[in-house]
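Following: one structure in structure tokens, then a few remarks.
The values are calculated or read from the model by the stated rules, or taken from the named source; none is laboratory data. Small disclaimer: the values here were computed from a predicted structure and weren't measured. Cβ atoms come from the backbone with ideal geometry, glycine included; neighbour counts cover every protein chain shown.
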Amino acid sequence: MENNKENISCFQMFFFIVLATIGEGILSFPNLVFKDARQASWISILITGSIAIFLALTYLYLHRRFPRKTIYEICIVMFGKWVGRLIIVGYLIYFFLICMSINRIYMETIKNWILTSTPASVILFLMFMLGIYLGKENLRMITRFFQLCFWIIIFLMLMNLGSFPYLHWKYLFPVNEVSFPDILKGSRRSIPSFLGFDSLLIILPFVKGTMKSKVKSSMFSIVFIIFTYIYVMLTCILFFSSKELILIPQPILYLFKSITFFGVIERLDLIIVSLWIVMMMTSYVSYIYLINMGFCTLFHLKKRTIPTIIITVLVYFLVLFIPVSRESIVTQFKLITILSFIFSSVIPLLAIILSFLFHRKDMNEGEPQ
Amino acid sequence: MSEETLADTIHSDFHLNIQTMNNTFSNIHDFKTRVFEIKERKIGITYIDSITNKDIVNGRIVNEIYKLDYKDSIVDIPVANISVTDNFKKIYSGIMDGKVAIFEGNSNIAFLVDTGLFETRSIREPDSEKIVSGSHDGFVESLNKNINILRNRIRTPNLKSEILSVGGGDITTNVSILFLENIANQDVVNLVRKRISSINLENNLTPGKLEEFIEDNSFSPFPQILETERPDRVTANLMDGRIAVLVEGSATVSILPVTFFSFYQSPDDYNTRFILGSFLRIIRLLGFFISISLPSIYIAIVSFHYEVLPYELVTNIKSSLEYVPYPPVVEALIMQLTLELLREAAIRLPTSMAQTVAIVGGLVIGTAIVEANLVSNTMIIVIAITAISSFTVPIHEMSSSIRLLSFPMIFAAALLGLVGIVVGFMFLMIHLVKLESFGAPYFAPLGPIRFSDLKDTIIRVPYWKMKTRPSTAKPINEKQSTGKKGWAEDGE
């Protein structure tokens, strides 16, 4: 019965993946990527996106071999009870770090842009409350909410159209001036923005539908993400000169700051930053969900209220009391990039290889409904 | 338990039976007993005078009893509805339903003849749900008459009506569940039946109380069961596979399961051209957002984010705010509370005096409060638009809920500006998404998205285009139209 409420359709999975992914990075990634890849930044994003597609395909392949198991359960099957559990703990720490980074970015952006005199504890408290309120729910409820939030992305993209009269196409050229290693460096910097599609590893067993429609849905969601990022990247490159774009940390907000909505509403950045909280919150909640599932596998829990409270309280206090410096953010970013390499690509690939070697698969359990 | 039923069985002593009846209904002035002795047979009739039809009692029962021959049975009395029982409990409840109980000689059975006559008012259009064009009748306070009105519209044996006797102790109320058997999902019907029969309340049952017992979440500000007094609305919902619950003695019919958007549908939408109908829908949904968020957006802008407005507008608003001595949130609260007071007063007063209240409240307070610099001009405008847009909801209950919700939003905006509004809306939306009405997601078809249901939600398409019924009630027969005009292919 519990499992029944967990199921979502392939169509709903699209929204989960998109909103779990787009969020934390979208304000700052044009600046980060541009620092290295310059006018070829969109190529960097394309490269990262292709890697994401490749990884998603491997996840789907893994899912085909173990149709009813999340990556946590697969780890226990493939690596044995103790090593498997250790890996699960690793996953949990990795997801937890992302939760922290989401909260930190959220807190700092809000504090710098709109609520300058509000104490950080209050700003974080909002996310804390939202995290508990939605995080303890099952996948179906979370996805329903994500479906509502999806329109915000479309809305942001439409608002972006206001910048079109001010775009300079010549900023895009010459592309070949950028060396290939620089493009790769740029794509490395865009990795944190792409994190979130790896939730496929956990949610795939709960998705109803044929393998074909699962592949279609997950591919379509990643393509949508790539498209969104390239669209944002391109408007930023074309709107700002290269000197500006290197300096400003949140190019999108600066872009919206300088355009108006038909002259009726100015300072669109304030509205955009408020709406962006929704996308941060969806990413946060999706990670809370992933951690919850890990907790449930580790301790055989049924209810998610307790793990949710533990996670949100920990995130709240750690983000609030660990002092922030420019370097600690950079190291956190680097750490997440390295961890994401391990947990999003190495371990799933290893699991596939091992399952090949030992001919371990779950197919005789029958297709999931 | 078995002893009790034994004690309730009718004795084979005529006088003892009449005695028992008299004891039970002692101190009831309109309880009548009449004993006849005709051709050596003792026949007694008992009934409550005020709720029985005298024509039937006199002409059909007393008259016929006098004509009885030796071997004629009481069952031969020429009335449509006569039943036999040997249990006093059944007789008691029968008499309270207006029936006449007939005891005969020393036999241990009694006959109940249906002669009930309860007064009802005549049918007229409900005041709270007026429409422009369409049918103008409404329900009344009689279960039978209400079912009569519905059967007039839906003439098929598939319209099932079950009567459940709900209550506790000896106080029960008749509740009827209506559904179309070939459309409604039996699982949902069973769920409704189960929840209704589980009610244990020793108090009179009204639709409001019934709903609080059976709804999924009592702590939500949103009504999860649609209450209406309009037969056309009930008919349309029954056709969508939903279930109507009628309660004896109430003109309100409850419809379930419903979604949030059911509250925004009005029979008017279908009686006007579809373009206009769609436009009205959009206006109403816009009204939802305005009435929840307009005061809070205004407060957020004037107290946090002046920058959002163009320069000329800022000077206008600033000049009107200049002499108001307190923050905008206090202004908004004063005005919202005044408005709620006015509204409540206007409802309680008779119609002729309500106009006085409107003039005093609207004109006198409105202008005086601005001239006294207690509230700014712009705030009056904002609150007025908010109030008007909250009245666009076709169902009164939902309109009250959303007005109530504007208060937390005002506080959120006063504390955190735009961020507060966004966070407030997120809580609201998460709540809406979490709600379920009898297994149906409350905020469908937006969360979860169901494309096939969008045709009758935000807009409404021409009716011949609506191929399927909405999926809220999980109807077993989804198809309702071919999707074409039947004559279009004839090459006319």
Problem - From A:213, A:221, A:242, residue being in contact with a helix residue (DSSP H, G or I) (Cβ under 7 Å, 6 or more places away or on another chain), touching a residue at least 12 places away in the same chain (Cβ under 8 Å) and buried (at least 19 other Cβ atoms within 10 Å of the Cβ) - result: A:221
Exercise for the section: Could you list, in sequence order, all residues of the stretch A:167-182 that are within 13 Å of residue A:43 (Cβ to Cβ) and assigned to a helix (DSSP H, G or I)? Expected result: A:172, A:175, A:176, A:177, A:180, A:181, A:182
Handout entry: Top-ranked residue in the stretch B:328-371 [being closer than 15 Å to residue B:388 by Cα and touching a residue at least 60 places away in the same chain (Cβ under 8 Å); ranked as surrounded by the fewest Cβ atoms within 10 Å (Cβ to Cβ)]
Key = B:340
Problem - Candidate set: the stretch A:6-35, residues that are outside any loop (DSSP other than H, G, I, E, B) and of a type in the set (A, V, I, L, M); chosen: the one nearest to the other protein chains (Cβ to nearest Cβ) - result: A:8
Practice task
Tell me which residues, restricted to the stretch B:177-215, are of a type in the set (Val, Ile, Thr) and not in a loop (DSSP other than H, G, I, E, B).
Solution key: B:177, B:188, B:189, B:192, B:196, B:214
Handout entry: Those residues of the stretch A:50-83 which are among the small types (Gly, Ala, Ser) and without any contact (Cβ under 8 Å) to a residue 12 or more places away in the chain, in sequence order
Key = A:50, A:80
Handout entry: Answer from B:149, B:171, B:183, B:196 - the residue that is in contact (Cβ under 8 Å) with a residue 24 or more places away in the chain and touching a Gly at 6+ places or on another chain (Cβ under 8 Å)
Key = B:183
Problem - Candidates B:433, B:382, B:393, B:375, filtered to the one that is of a type in the set (A, V, I, L, M, F, W, C) and under 30 Å from residue A:137 (Cα atoms) - result: B:433
Practice task
Check the stretch A:120-128 and report whether any residue there is touching a residue at least 12 places away in the same chain (Cβ under 8 Å) and either of a type in the set (S, T, N, Q) or touching a Pro at 6+ places or on another chain (Cβ under 8 Å) (or both).
Solution key: yes
Completion exercise
Taking the stretch A:88-128 and the residues there that are touching a Phe, Trp or Tyr at 6+ places or on another chain (Cβ under 6 Å) and more than 14 Å from chain B (Cβ to nearest Cβ), the one that is nearest to residue A:256 (Cα to Cα) would be A:102
Exercise for the section: Could you tell me whether residue B:99 is touching a Leu at 6+ places or on another chain (Cβ under 8 Å), surrounded by 15 or more Cβ atoms within 10 Å (Cβ to Cβ), among the basic types (Lys, Arg) and in contact (Cβ under 8 Å) with a residue 40 or more places away in the chain? Expected result: yes
Exercise for the section: Residue by residue through the stretch A:129-155, note down the ones that are under 18 Å from residue A:109 (Cβ atoms), more than 9 Å from chain B (Cβ to nearest Cβ) and either of a type in the set (A, V, I, L, M, F, W, C) or surrounded by fewer than 22 Cβ atoms within 10 Å (Cβ to Cβ) (or both). Expected result: A:152, A:153
Practice task
May I ask you to verify whether residue B:470 is outside any helix (DSSP H, G or I) and touching a helix residue (DSSP H, G or I) at 6+ places or on another chain (Cβ under 6 Å)?
Solution key: yes
Exercise for the section: Might you let me know whether the stretch A:71-90 holds any residue that is touching a Gly at 6+ places or on another chain (Cβ under 8 Å), part of a loop (DSSP other than H, G, I, E, B), at pLDDT 90 or above and among the hydrophobic types (A, V, I, L, M, F, W, C)? Expected result: no
Problem - Residues being out of contact with any Asp or Glu (no Cβ under 6 Å at 6 or more places or on another chain) and more than 17 Å from residue B:116 (Cα to Cα) - total across the stretch B:40-83 - result: 17
Completion exercise
Across (1) within 19 Å of the chain's Cα centre (by Cα); (2) surrounded by fewer than 13 Cβ atoms within 10 Å (Cβ to Cβ); (3) not charged (D, E, K, R), residue B:190 clears everything bar (1)
Completion exercise
Every listed condition ((1) buried (at least 21 other Cβ atoms within 10 Å of the Cβ); (2) within 14 Å of chain A (Cβ to nearest Cβ); (3) acidic (Asp, Glu)) holds for residue B:456 save (2)
Handout entry: Checklist (1) closer than 30 Å to residue B:304 by Cα; (2) in contact with a helix residue (DSSP H, G or I) (Cβ under 7 Å, 6 or more places away or on another chain); (3) not charged (D, E, K, R) applied to residue A:119, failing item
Key = (2)
Practice task
At least 3 residues that are farther than 29 Å from residue B:167 by Cα in each: list the helices (runs of 4 or more DSSP H) lying fully within the stretch B:3-108 that qualify.
Solution key: B:14-24, B:63-67
Exercise for the section: Scan the stretch B:366-396 for residues that are of a type outside the set (A, V, I, L, M), in contact with a Ser or Thr (Cβ under 9 Å, 6 or more places away or on another chain) and not in a helix (DSSP H, G or I) and jot them down. Expected result: B:376, B:391, B:392, B:394
Exercise for the section: Check whether at least one residue in the stretch A:312-329 is under 18 Å from the mean Cα position of the chain (by Cα) and aromatic (Phe, Trp, Tyr), and report yes or no. Expected result: no
Exercise for the section: Could you check, for the stretch A:287-305, whether at least one of its residues is polar (S, T, N, Q), within 14 Å of chain B (Cβ to nearest Cβ), over 30 Å from residue A:40 (Cα atoms) and crowded, with 21+ Cβ neighbours inside 10 Å? Expected result: no
Practice task
Check whether at least one residue in the stretch A:95-111 is outside any helix (DSSP H, G or I) and more than 21 Å from the chain's Cα centre (by Cα), and report yes or no.
Solution key: no
